[in-house]
1. Any idea which residue in the range 31-73 is nearest to the chain's Cα centre (by Cα), counting only those that are exposed (fewer than 14 other Cβ atoms within 10 Å of the Cβ) and outside any helix (DSSP H, G or I)?
2. How many of the residues making up the range 74-104 are within 30 Å of residue 53 (Cβ to Cβ), surrounded by 10 or more Cβ atoms within 10 Å (Cβ to Cβ) and not small (Gly, Ala, Ser)?
3. For the condition touching a residue at least 24 places away in the same chain (Cβ under 8 Å) and either hydrophobic (A, V, I, L, M, F, W, C) or on the phi > 0 side of the Ramachandran plot (or both), what is the one hit in 33, 84?
4. Name the residues in the range 1-51 that are modelled with pLDDT under 90 and either in contact with a Lys or Arg (Cβ under 8 Å, 6 or more places away or on another chain) or aromatic (Phe, Trp, Tyr) (or both), would you?
Amino acid sequence: MAVKIKELKDDALVSIKINKNYYFMLKGTLFYLFKNIPEESNKEDILQKIMKSEYNEMTEFEQCFYTIMIALTEIERVATEENLYEEKEVLEPTDEGYVPPTQV
């Protein structure tokens, strides 16, 4: 028996709002994936392959990394266009008054 499902239209562009916490969650996910590139692999070679390959030619790991990366790229593009960045000063570990960052 056929089952009905919902699927986005081919030409659909969905506008969603992303807050700073979710943005950092996506960045954390991408960093986690980056840290888990297999030890025997050269991370730079893997990143170059991801940038040059067709999606359907990538491994599942590469597809996941690419998907999160393009989502972050789009968020950052829109944030730049809409002037949603603020500039702030961050102390280096060797600076007086430096406090190591903590996760919130």
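The values are calculated or read from the model by the stated rules, or taken from the named source; none is laboratory data. These numbers come from a predicted model, not from an experiment. With ideal geometry, Cβ positions are generated from the backbone for all residues, glycine too; neighbour counts draw on all protein chains shown.
1. Looking at residues that are exposed (fewer than 14 other Cβ atoms within 10 Å of the Cβ) and outside any helix (DSSP H, G or I), I get 36.
2. As a first pass, look at the range 74-104 and keep what is within 30 Å of residue 53 (Cβ to Cβ): 74-81.
Imposing the further condition that a residue be surrounded by 10 or more Cβ atoms within 10 Å (Cβ to Cβ) reduces the set to 74-80.
Applying the additional criterion that residues be not small (Gly, Ala, Ser) yields 74-78, 80.
Selection size over the range 74-104: 6.
3. Numbers: 84 fails: touching a residue at least 24 places away in the same chain (Cβ under 8 Å).
Just one listed residue meets the conditions, 33.
4. 37
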